[in-house]
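Note sheet for the following structure.
The values are calculated or read from the model by the stated rules, or taken from the named source; none is laboratory data. Small disclaimer: the values here were computed from a predicted structure and weren't measured. Neighbour counts run over all protein chains shown; Cβ positions are idealised from the backbone, glycine included. Accessible surface is based on the protein model in full, side chains and every heavy atom, while ligands, DNA and RNA are left aside. Shrake-Rupley method; radii C 1.70, N 1.55, O 1.52, S 1.80 Å.
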Amino acid sequence: AFAFALHALACWAVVGLARQAGLGARGAAIAVLLFAAYPNVKMLAWPAAVGSPGRTAFELVALLFLLRRVAGGAARDGWIALAALALALGCHESAFLLPAIALAWIACVGTASLADGARRALASLRDPFVLAACALAAFHLVHLLFFRPGRVHGAKDLAALPANFVKAALALAPEALREIGVEGLRGNRGTVGIVAACIVLVVVAVVALLALRRGGLGRFAVVAIAIDLGLAVAGAGFVQRYACVASAFAALALA
């Protein structure tokens, strides 16, 4: 029940982010329905992994209120963002990526060009709450790496990276495509399976490139998903519950 309550909070944050991006009521409803429909069952059904729904909910809340603050919100928005970030870090250390994701949003959503987005992102660093979020995330990362090294995963062996990359690249694809890609590249279906898997990966890459060219929420989603899933690929290995935050960004872009 606690995990589902956190997931409801995450859904509320997705609606808020959709409205922050300029989507109307219908777009916000589509975004939250897509987010709820992603295959996040393992996150919700595994009580020992309550950190995953906690990190997802509080990181999305922190992102929402930090963006409200940057858009001219009151100091209260900044304080809520910092409190939510602290809770997200307590749930899972990967929440230290939040400032980078927030800067990606500022640079991509509602900007006329990449140069304009870069200027907006740099200007946002003048806000004391954005700087505080960056400092909090950096302090937490240093604390984990140097004072609690047993608390985090080390870098994965190079031999494990290809399999992790494939699973992460297909994590948000429809189940049929994900199954073709993962099983094909495992060699379970011979040469035909490998060819089919490579075609699926090319399709995913083309979709990502088109989203980057389109700009706005599409560009943000590709950048943020790459940041979020890239950490799991390089560090922890990849399982489906690591894609929960990324699924929110994909839902927003699709909506």
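Summary of packing: across the peptides 200-206, 14-20, the per-residue average of other C-beta atoms within 10 Å ranks them, highest first, as 14-20, 200-206.
Please give the per residue accessible area of the chain, computed with a probe of 1.4 Å over protein heavy atoms only, in Å².
Details: 12380 Å² over 255 residues.
Ligands and nucleic acids excluded, the figure is 49 Å² per residue.
For the range 69-193, taking Cα atoms only, Rg and Dmax work out to 19.5, 59 Å respectively.
Compactness ratio of the chain: Cα Rg over 2.2 N^0.38 Å, N = residue count? Before the final figure, lay out the partial values.
Working: Rg = 18.1 Å, N = 255, 2.2 N^0.38 = 18.1 Å.
In units of the globular-protein estimate, the chain measures up at 1.00.
Mind checking the angle between helix 25-37 and the chain's longest principal axis? C-alpha axes, 0 to 90 degrees, to the nearest 10. Between the helix axis and the principal axis of the chain, the angle is about 50 degrees. With the biggest extent put first, the Cα atoms of the range 1-112 measure 42, 31, 22 Å across the principal axes.
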